[in-house]
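The values are calculated or read from the model by the stated rules, or taken from the named source; none is laboratory data. All values derive from a computational prediction rather than experimental measurement. Virtual Cβ from ideal backbone geometry, glycine too; neighbours counted across all protein chains shown.
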Ligand SMILES: *Cc1c(COP(=O)(O)O)cnc(C)c1O
């Protein structure tokens, strides 16, 4: 069986976890957490990374920091994971879904402005498959209407737009280190804070509403309850695992890119024949090979192809059911404008096996079977 995903493991993770145990430091904010945050700050070139328990929690933190309240509206694509919406629904916001572009499956930046009302508080671009949204245009709109931008960069670590890391264009960038992402700590994430006026409050909220961090740094002499908050800091054991991966970030990235490029080359012919479409990476973007997907004719053909691949020992999966058509999406959101591409394109999309260590001959085999299905 060729799995759809195998969590990355480079070999040093277990030793680092042992070190954390031997140091008698397994709760949060120890040496490994600090190293991971520093690496993320250096790599993305932003001021502050807070390692969190998930990207879901990073989004929630951002939502609290933006002071999203009942009645506020937040604009995002419908083709995304539930957490993108839930983080704002939890604060009482209404979600305004905007159609996607069929080429990248990202929010159509041209449709955002018409969805803005006097209640709009934030825009949440999602960098699908680690390919960037049109950030220049989105930031220009945000500036014009004085809106927050929270980038859902869960899939996008190591990707760039105009040579800058994704996650540092908006006020906040939210990364994921879930086991299905390029780098993992089991469950985890990071909140990148690009606007320094939020840093102090972010530390307080992520430390259960206390000024523990200021206290540890000697900036205040009492450790006390100062704000709302929750427990958003991961264990050192998880951070130690992640550190092993971040140290090898380039190696993992190169390996994934090789697999992505091989799929892309080998599926060229089928795409030339018009049987499938391959992913598009716009000119200003470099991506991280988070995902390799193809698009087939329609949902029926996709169902048949998934079954055919499964019979041949290959696990392939579809992705999001658009949020606006889900039960909670109907309650908490509304689609603005016409759904030209969100539903149609989401039904055509099929994700192929992609992980660190996927073998070349496995990719040959997968492409062979796909070719065979279409002949
Ligand atoms: C994975 C993912 C999330 C959630 O990440 P967790 O770390 O599992 O909470 C959110 N948004 C997108 C686009 C994702 O792909």
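Contact map, the stretch 79-93: first residue under 10 Å from residue 56 (Cα atoms) and at pLDDT 95 or above, second residue within 8 Å of the ligand (Cβ to nearest atom) and assigned to a loop (DSSP other than H, G, I, E, B), Cβ cut-off under 9 Å, separation 6 or more or different chains; pairs are 81/154; 83/54; 83/154; 84/154. Can you spot a residue in the stretch 213-223 that is on the phi > 0 side of the Ramachandran plot and at pLDDT below 95? Checking the stretch 213-223: at least one residue is on the phi > 0 side of the Ramachandran plot and at pLDDT below 95.
Note on the stretch 41-82: among residues that are in a strand (DSSP E or B) and more than 16 Å from the ligand (Cβ to nearest atom), the one that is nearest to residue 321 (Cα to Cα) is 73. Can you confirm whether the stretch 321-329 contains a residue that is over 29 Å from residue 161 (Cα atoms) and crowded, with 20+ Cβ neighbours inside 10 Å? Yes, because at least one residue in the stretch 321-329 is over 29 Å from residue 161 (Cα atoms) and crowded, with 20+ Cβ neighbours inside 10 Å. Residues that are in contact (Cβ under 8 Å) with a residue 40 or more places away in the chain and more than 30 Å from residue 257 (Cβ to Cβ) within the stretch 106-145 comprise 111, 114, 115, 116, 117, 119, 120, 121, 122, listed in sequence order. Only a single item in (1) assigned to a helix (DSSP H, G or I); (2) away from the ligand (no atom under 16 Å from the Cβ); (3) farther than 21 Å from residue 26 by Cβ is not met by residue 244, and it is number (3).
Taking the conditions exactly as written (within 21 Å of residue 36 (Cα to Cα), touching a strand residue (DSSP E or B) at 6+ places or on another chain (Cβ under 8 Å) and away from the ligand (no atom under 16 Å from the Cβ)), does residue 171 satisfy them or not?
yes
Given the criteria closer than 20 Å to residue 169 by Cα, touching a helix residue (DSSP H, G or I) at 6+ places or on another chain (Cβ under 8 Å) and touching a residue at least 60 places away in the same chain (Cβ under 8 Å), does residue 64 qualify? Yes, satisfied. Criterion first (crowded, with 23+ Cβ neighbours inside 10 Å, outside any loop (DSSP other than H, G, I, E, B) and within 16 Å of the ligand (Cβ to nearest atom)) does residue 85 satisfy it? Yes. Filtering the stretch 38-61 to residues that are in contact with a helix residue (DSSP H, G or I) (Cβ under 7 Å, 6 or more places away or on another chain) and under 21 Å from residue 235 (Cβ atoms) leaves 39, 48, 49, 50, 51, 52, 55, 56, 59, 60, 61.
Might you let me know whether the stretch 187-203 holds any residue that is within 16 Å of the ligand (Cβ to nearest atom), in a helix (DSSP H, G or I) and in contact (Cβ under 8 Å) with a residue 60 or more places away in the chain?
no
Checked against (1) surrounded by 15 or more Cβ atoms within 10 Å (Cβ to Cβ); (2) without any contact (Cβ under 8 Å) to a residue 40 or more places away in the chain, residue 310 passes all but a single condition, namely (1). Scanning the stretch 115-157 for residues that are assigned to a loop (DSSP other than H, G, I, E, B) and either away from the ligand (no atom under 16 Å from the Cβ) or modelled with pLDDT under 95 (or both) returns 116, 117, 118, 119, 134, 146, 147.
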